[in-house]
Amino acid sequence: MPTELFSPLMTETEARLKTPLALAYIGDTVWDLLVRRSLLTSSFKAGMLHKQAIQQVNAAAQARAMQQIQPHLTQAEEDIVRRGSNAHAKHAVPKNQDAADYSLATGLEALMGYLYLSGQMERIGELFDIAQAFH
């Protein structure tokens, strides 16, 4: 079972056909896991790990990450980001978040969801490393 967690769940075409908000739903978790995993290389105690994660897994931080990786995206990836950024959730943007940041963050999450569902783990790592280089 654990290895199945990282096996492609579907083809790229099948993943592309998912709604942007469905992609963002899983992509949010993928991004959170990457951030938390990267924080474990530090010497922070649990409370500080949580505070650091919160600073990196929010709309503003994800929007900055998206801006860093955007020049490195393929056309297909840009399309996923565009769809995600233009998607409208049924809930309002959280009061403490900027609408433009929230939109970009949803694009990033949709991209991560698409890459995860289609089994492109190496690509996820590449893009995460680019984003983290500027963090």
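The values are calculated or read from the model by the stated rules, or taken from the named source; none is laboratory data. Remember, it's a predicted structure, so these values are computed and weren't measured experimentally. When we count neighbours, we look across all protein chains shown, and the Cβ atoms used for this are built from the backbone with ideal geometry, even at glycine.
Structural remarks
- Taken over the stretch 1-36, the criterion of being in a loop (DSSP other than H, G, I, E, B), at pLDDT below 80 and among the polar types (S, T, N, Q) is satisfied by S7 alone.
- Entry remark, the stretch 25-48: residues being touching a residue at least 40 places away in the same chain (Cβ under 8 Å) and either of a type in the set (S, T, N, Q) or within 17 Å of R123 (Cβ to Cβ) (or both) number 6 in total.
- Flag for D79 being closer than 28 Å to D98 by Cα and either over 13 Å from the mean Cα position of the chain (by Cα) or among the aromatic types (F, W, Y) (or both): yes
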